[in-house]
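S.K.: For reference, the structure I am asking about is given below.
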Amino acid sequence: MLEIDSLNVSYGRVQVLFDVSISLGEGELVTVIGANGAGKTTLLLTVSGVLRPQTGTITLAGERIDNLRPHEIVGLGVGHVPQGKELFPAMTVLENLEMGAHRVKADKEYRERLERVLGYFPRLSERVRQRAGTLSGGEQQMLAIARALMAAPRLLLLDEPSAGLAPIIVDQLAEIILDLNRAGLTVLLVEQNAFLALELARRAYVMESGIVVESGETGSVLESDLVRRAYLGL
Amino acid sequence: MNWDIVFQQLWNGLLNGSIYVIFAAGLSLVFGVMRVINMAHGELTMLGAMLLFTVTSGLGLGYFTGAALVVILMALAGFLVNRVTVRPFLGHSELVVILSTVALSFMLLNGSLVVWGSEPKGVDEPFNEIVKVGGVYVTTAGMLLVGVCFTAVLGLYLMLTHTKLGKKTRATGQNLLGARLIGINTTAVYDTTLIVASGLAALAGVLIVLVSAASPNLGQPLLITGFAVVIVAGMGNVAGAVAVGLFLGVTEALFGQFISTYYRQGYLYVVMIIVLLLRPQGLFGRR
């Protein structure tokens with residue numbers, strides 16, 4: 001589904017990603033873990049076309065996307081739930097969802113999607129008329145995911161969905177992410193919370209200072225000394 | 001108190017206020033969506049008025065045909081305003097964009113002085129009958145001005161709140177990254193925003209000639225007044241700009257009549273300074 005091959009990305013003169021290669025098969029749930037500043041967010045923003053790689057290629061279902069603009073990449077079926085949620089705070093929950101599905105022309109299809117997406121997030125359906133800026137942190141995270149799902153993506157990029165949320169909310173989100181994946185959605189989950197990420201994903205990549213230092217089945221990544229020391233504190 | 005004078009000034013204030021409203025709405029739209037302070041907005045209005053003079057007196061077009069042509073041309077020019085003076089500088093500091101639009105405004109102003117000279121030019125109006133309503137003298141051209149201003153601003157409001165394009169525009173203004181990540185073509189949104197804003201600016205220009213002469217010097221004072229309105233209302237708040245534009249137009253006229261003609265211009269800025277001191281985000285602004 002997604003092939004990232006020897007990606008090099010810089011902000012001005014500062015290089016952030018070094019020869020990063022990551023691949024996701026269709027229907028997989030793969031995680032990238034690493035400390036703050038490891039380049040995880042940069043990686044996702046490059047996949048979405050917000051940042052341009054210096055060298056390297058990104059291929060989505062056989063099609064090169066590294067030279068496309070963000071709205072073209074969304075059009076090909078990539079949903080991105082960014083780290084800061086980046087909602088439209090003065091718009092209602094419903095308007096945020098409507099914006100997520102702005103490409104949908106037919107009213108019927110829009111309603112079906114809305115129903116399906118709200119099915120995952122009952123808390124949001126109680127708050128459709130509320131302004132997004134007035135939601136709690138957990139609800140905002142749910143809305144950010146729901147908004148991305150309204151575009152009916154094939155691949156979902158999730159950037160630290162657990163950041164700043166209470167453990168009980170994190171558990172709910174984890175359930176939803178698993179449900180979505182079981183329903184066939186390919187998920188690339190970036191997390192600082194290694195416990196959560198390794199619990200959800202079958203395969204994992206570990207990033208440090210812009211380099212992939214470890215990768216494989218979550219079981220073997222969990223066993224590696226590096227991860228035990230640095231991320232799990234064992 | 002002579003109530004006829006009060007009502008006459010209310011009418012005069014309504015005429016000025018309507019121009020403030022349509023002018024400030026465009027200025028506020030560009031700031032609200034793009035976080036760009038368009039220093040050339042006043043000169044776009046001026047150009048609207050001057051081009052109308054040329055197409056009516058030079059090409060012999062009637063007022064309405066000429067006005068429609070000028071507004072459409074100026075709206076299309078808004079695309080160039082974005083691509084030439086705004087978009088190339090967006091990644092840099094906000095100051096750079098301000099300076100590039102200042103540069104555009106100087107070019108338009110001085111270019112217009114070369115082309116048209118500094119003499120005010122009268123434009124033939126379609127009709128200008130004076131009607132006495134009660135004790136108040138109103139002109140039919142003035143009624144047209146008020147009607148068109150409010151229709152245009154209402155249209156803008158409905159566009160922003162009820163159409164998909166309008167909602168995408170508001171979304172882009174509220175969160176640029178969020179808009180890009182859900183696949184909104186924000187470049188197209190910025191193009192459209194400046195097209196609409198330039199069209200509104202030019203519309204203000206072709207309406208101004210209904211109540212005063214066209215002159216290359218009309219843009220600068222209007223820009224300052226426009227900023228007073230936008231700052232008092234809260235930067236980027238289009239609906240607030242409408243209320244404040246109307247309020248300032250009317251109270252300015254009353255101030256000029258009953259307190260001081262000399263300090264009439266100063267009135268707007270005193271209001272602006274007081275609002276900035278007490279409520280820096282503006283009356284309707286959010287922090």
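S.K.: Separation of the stretch A:16-64 and the stretch B:226-287 by C-alpha centroid, Å?
M.R.: 50
S.K.: What Rg and what Dmax come out for the stretch A:87-151 when only alpha-carbon atoms are used, in angstroms?
M.R.: Spelled out, the Cα radius of gyration and Dmax of the stretch A:87-151 are 10.6, 32 Å.
S.K.: What does the charge count near A:His71 come to, summing +1 for each Lys or Arg and -1 for each Asp or Glu among other residues with Cβ under 11 Å from its Cβ?
M.R.: Overall, the nearby charge balance is +3.
S.K.: Using a 10 angstrom cutoff on alpha carbons, build the Gaussian network for chain B and name the most mobile of B:Leu194, B:Leu177, B:Leu145.
M.R.: B:Leu177
S.K.: If you average the sequence gap of Cα pairs under 8 Å that are 6 or more apart and divide by the length of the stretch A:87-151, what percent do you get for the contact order?
M.R.: Relative CO of the stretch A:87-151 lands at 57 percent.
S.K.: Normalised by the residues of chain B, what does the relative contact order come to in percent, with Cα pairs under 8 Å and at least six apart?
M.R.: Here the relative contact order equals 38 percent.
S.K.: Name the residue, out of B:Leu52, B:Leu207, B:Leu276, whose mean-square fluctuation peaks in a Gaussian network model built on chain B with Cα pairs under 10 Å.
M.R.: Greatest mean-square fluctuation among the candidates belongs to B:Leu276.
S.K.: Oh, and also: If contacts are Cα pairs under 8 angstrom and at least 6 residues apart, what is the relative contact order of chain A in percent?
M.R.: Once divided by the residue count of chain A, the mean separation gives 28 percent.
S.K.: For the full complex of protein chains and a 1.4 angstrom probe, list A:His71, B:His92, A:His80, B:His162 by accessible area with the highest value first.
M.R.: Sorted descending by solvent-accessible area, the residues read B:His162, B:His92, A:His71, A:His80.
S.K.: Then there is this: Of all the C-alpha pairs in the stretch B:134-185, what % are more than 17 Å from each other?
M.R.: Of the Cα pairs, 55 percent sit more than 17 Å apart.
S.K.: Same structure, new question: Hey, what number do you get for chain A at 222 nm if only DSSP H runs of n ≥ 4 count, each worth -39500 (n - 2.57), divided across all residues, to the nearest 500?
M.R.: One gets -10500 deg cm²/dmol as the mean residue ellipticity at 222 nm.
S.K.: Right, here's the next one. Give, as a single signed number, the net charge of other residues whose beta carbon lies under 13 Å from the beta carbon of B:Phe89, with Lys and Arg counted +1 and Asp and Glu -1.
M.R.: Taking every other residue near B:Phe89 into account, the sum is +2.
S.K.: Identify which of A:Pro122, A:Pro153, A:Pro70 has the largest mean-square fluctuation in a Gaussian network model of chain A, with springs joining Cα atoms closer than 10 Å.
M.R.: A:Pro122
S.K.: Also: For A:Asp159, B:Asp4, write out the residues from largest to smallest accessible area, computed with a 1.4 angstrom probe and no ligands counted.
M.R.: B:Asp4, A:Asp159
S.K.: Here's a follow-up. Excluding residues on the same chain fewer than 8 positions from A:Lys105, give the aspartates and glutamates whose Cα lies under 20 Å from its Cα.
M.R.: Within reach: A:Glu72, A:Glu95, A:Glu115.
S.K.: Which whole number gives the average, over all residues in A:80-90, of C-beta atoms from other chains lying within 10 Å of the residue C-beta?
M.R.: Going residue by residue through A:80-90 and averaging, the value is 5.
S.K.: Tally Lys/Arg at +1 and Asp/Glu at -1 over every other residue whose Cβ is under 12 Å from the Cβ of A:Glu160; what's the total?
M.R.: Here the count lands on 0.
S.K.: How do A:Arg123, A:Arg13 rank by accessible surface area computed with a 1.4 Å probe, from largest to smallest?
M.R.: A:Arg13, A:Arg123
S.K.: Next question. In deg cm²/dmol and to the nearest 500, what is the mean residue ellipticity at 222 nm of chain B if only DSSP H runs of at least 4 residues count, each as -39500 (n - 2.57), divided by the residue total?
M.R.: Dividing the helical sum by the residues of chain B leaves -23500 deg cm²/dmol.
S.K.: For chain B, report the translational diffusion coefficient in µm²/s to the nearest whole number, using Stokes-Einstein at 4 °C, 1.567 mPa s, and a Kirkwood Rh over Cα pairs.
M.R.: The estimated diffusion coefficient comes to 67 µm²/s.
S.K.: Can you give the alpha-carbon Rg of chain A over 2.2 N^0.38 Å, where N counts its residues?
M.R.: 0.99
S.K.: Take the alpha carbon atoms of the stretch B:82-123, find their center, do the same for the stretch A:111-165, and report the distance between the two centers in whole angstrom.
M.R.: Measuring centre to centre over Cα atoms gives 43 Å.
S.K.: With Rg and the Kirkwood Rh both taken from Cα atoms, where does Rg over Rh land for the protein assembly as shown?
M.R.: The Rg/Rh ratio comes out at 1.08.
S.K.: List the extent of the Cα atoms of the stretch B:224-287 along each of their three principal axes, largest first, rounded to whole Å.
M.R.: Ordered largest first, the stretch B:224-287 gives principal extents of 35, 21, 17 Å.
S.K.: Can you give me the long-range amide H partners of A:Val16? Hydrogens built in the peptide plane at 1.01 Å from N, cutoff under 5 Å, separation of 5 or more residues or another chain.
M.R.: Here A:Val9, A:Ser10, A:Tyr11 satisfy the definition.
S.K.: So what are the stretch B:191-260's ellipsoid semi-axes, whole angstrom, largest first, if each one is the square root of 5 times an eigenvalue of the alpha-carbon gyration tensor?
M.R.: In descending order, the three semi-axes are 22, 18, 10 Å.
S.K.: Oh, and also: Averaged over B:167-177, how many beta carbons belonging to a partner chain fall within 10 Å of each residue's beta carbon?
M.R.: 5
S.K.: OK, next. Cα axis of helix B:63-80 to longest principal axis of chain B: angle in degrees, 0 to 90, nearest 10?
M.R.: 30
The values are calculated or read from the model by the stated rules, or taken from the named source; none is laboratory data. In this text the structure is predicted, and so the values were computed from the model without any measurement. We place every Cβ from the backbone using ideal geometry, glycine too, and count neighbours over all the protein chains shown. Surface accessibility is based on the protein's heavy atoms, side chains included, excluding ligands, DNA and RNA. Shrake-Rupley method; radii C 1.70, N 1.55, O 1.52, S 1.80 Å.
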